[in-house]
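S.K.: To start, I am sharing the structure in question, which I have written as structure tokens.
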Amino acid sequence: MAHDLYDIPLTAIDGTARNLGQFKGKVLLVVNVASKCGLTPQYEGLEKLYEQKHEQGLEVLGFPANDFMGQEPGSEKEIQEFCTLKYDVKFPLFSKIAVVGEKKHPLYHELTRALPDATGEGPMREKLKGYGIDANPKPEVQWNFEKFLIGRDGRVAARFAPDVTAEDPRLVQAIDAALAKPA
């Protein structure tokens, strides 16, 4: 791994400087989120997953991104209010970043490099094509709500397509397997 994922500088949604180091030894589900996407209701399942498995060591981390048809146009304050009021999100949110293209955040450079292929790849790509949208080529993030699972050891363990929901058995099994492993 070129960079230690834990050392990449991040900013919490409230503007404070952070990195993933504060979550060392935990299982992380990193998700690029958006408030105005057809997949936005996934916030509900992600929050439920967080509440069910947080005590076992799971952290769900939301990274708002406005990379896909302007589906996250709001300010950090608007995003936080939306997530809190509409979905009662308690999992950590970070400031808005780019997850694709020239301005792609270093975290997403590392995540996509570590795992270029996503589980569940295909249906979402076809759906986008049906809307006349060309999905990004691999290894780029395809759309909002793509999920990266990072094990307790700080390595990317799995990647899931945007339409693989928090309730999907493939995702739940991968999380449970990661939680069962020691750091």
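S.K.: For the stretch 105-117, what are the residues that are more than 20 Å from L171 (Cα to Cα) and in a loop (DSSP other than H, G, I, E, B)?
M.R.: Selection gives H105 alone.
S.K.: Check whether at least one residue in the stretch 81-100 is under 26 Å from D4 (Cβ atoms), among the basic types (K, R) and surrounded by 18 or more Cβ atoms within 10 Å (Cβ to Cβ), and report yes or no. Walk me through it before giving the result.
M.R.: Initially, the stretch 81-100 is screened for residues under 26 Å from D4 (Cβ atoms), giving 91-100.
With among the basic types (K, R) added as a condition, the list becomes 96.
If we keep only those that are surrounded by 18 or more Cβ atoms within 10 Å (Cβ to Cβ) as well, we get 96.
Yes.
S.K.: Looking only at the stretch 118-150, how many residues end up being of a type outside the set (A, V, I, L, M, F, W, C), assigned to a loop (DSSP other than H, G, I, E, B) and buried (at least 20 other Cβ atoms within 10 Å of the Cβ)?
M.R.: Number of matching residues: 3.
S.K.: Which of (1) in a loop (DSSP other than H, G, I, E, B); (2) within 13 Å of the chain's Cα centre (by Cα) does Y43 not meet, given it meets every other one?
M.R.: Checking Y43 against (1) in a loop (DSSP other than H, G, I, E, B); (2) within 13 Å of the chain's Cα centre (by Cα), the one that fails is (1).
S.K.: If we keep just the residues of the stretch 126-163 that are over 15 Å from C37 (Cβ atoms) and β-branched (V, I, T), which is nearest to the chain's Cα centre (by Cα)?
M.R.: Residue satisfying both the conditions and the ranking: I150.
Every residue, every condition in (1) within 26 Å of G101 (Cβ to Cβ); (2) part of a helix (DSSP H, G or I), yes or no:
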{"site": "T11", "(1), (2)": "yes, no"}
{"site": "G15", "(1), (2)": "yes, no"}
{"site": "G25", "(1), (2)": "no, no"}
{"site": "K36", "(1), (2)": "yes, no"}
{"site": "K48", "(1), (2)": "no, yes"}
{"site": "N66", "(1), (2)": "yes, no"}
{"site": "P73", "(1), (2)": "yes, no"}
{"site": "T84", "(1), (2)": "no, yes"}
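S.K.: Here's a follow-up. Does E102 count as without any contact (Cβ under 8 Å) to a residue 12 or more places away in the chain, in a loop (DSSP other than H, G, I, E, B) and of a type in the set (D, E, K, R)?
M.R.: Spelling it out, E102 is indeed without any contact (Cβ under 8 Å) to a residue 12 or more places away in the chain, in a loop (DSSP other than H, G, I, E, B) and of a type in the set (D, E, K, R).
S.K.: Would you check which residues across the stretch 93-129 are touching a Lys or Arg at 6+ places or on another chain (Cβ under 6 Å) and hydrophobic (A, V, I, L, M, F, W, C) and list them?
M.R.: A98, L115, A118
Every read-out reported here was derived from the displayed coordinates using simple, explicitly stated rules and does not represent laboratory data. Keep in mind it's a predicted model, so treat the numbers as computed, not measured. In this analysis, Cβ positions are derived from the backbone assuming ideal geometry, glycine residues included, and neighbour counts consider all displayed protein chains.
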